[in-house]
Each structure stands twice: as C-alpha cells, then as structure tokens.
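The values are calculated or read from the model by the stated rules, or taken from the named source; none is laboratory data. Values in this document were obtained by computation on a predicted structure and should not be read as measured data. Cβ placement follows ideal geometry from the backbone for every residue including glycine, while neighbour counts extend to all protein chains displayed.
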Amino acid sequence: MQKVITVEEMEKIANEYTNIEEPIIVKRANKNDLVILSMEEYKKKLFLNELDEKIQEGEEDIKNGKTHKLRDVFKELRSEYGF
C-alpha cells in the first residue's frame, strides 16, 4: 500500500525509519511529486525492468528468425568446453 506525505513529513520519516518497506509518495504543491523507495526495492525494480527488456529483445529475435537450433548450440558448447 502506498503512503502519501507532504515534503515536511518526508524529513521526519527519513529520520525515523531505517527500513522503508513500501513506496512513499511525497506531495509538493498539492501534487504527487516524488517517490521514496528502499534501495533494495529500487534495485529489484531495476532488475525487473532490465529482465523485461531482455525478454522483449528475445521475443523480437524469435519473431525475426534470429534463432539457433538447440542441437547446434549444444554441439558448439561441447566442442568448446568439452562437455
């Protein structure tokens, strides 16, 4: 659940909490302006965004025929690494 606070409340919260478990929305001039996330949550969101981009790239490659047969990939790996 999101929490909405004012800029004044942001400083108080930043000093009170050592672990922010959910996003905090900061209002400025009566508009939602900023979002505060824990570093862990921020890194998780970055990772998931990157993963989504890679999946989309893979789907585009499949759509455009940029694929290799699995048999050929394993054959190359065996010859290169001796598996």
Next item on the list: Output the strands (runs of 3 or more DSSP E) that fall wholly within segment 1-82 and possess 3 or more residues being at pLDDT 80 or above, or say none.
Entry: 24-28, 31-36
Notebook entry, point to check: Does any residue in segment 67-83 that is aliphatic (A, V, I, L, M) come within less than 8 Å, Cβ to Cβ, of a residue that is assigned to a loop (DSSP other than H, G, I, E, B) six or more places away or on a different chain, and which pairs are these?
Noted result: Leu77/Phe83
Check: Which members of segment 7-38 meet the condition of being more than 25 Å from the chain's Cα centre (by Cα) and surrounded by 13 or more Cβ atoms within 10 Å (Cβ to Cβ)?
Finding: Glu9
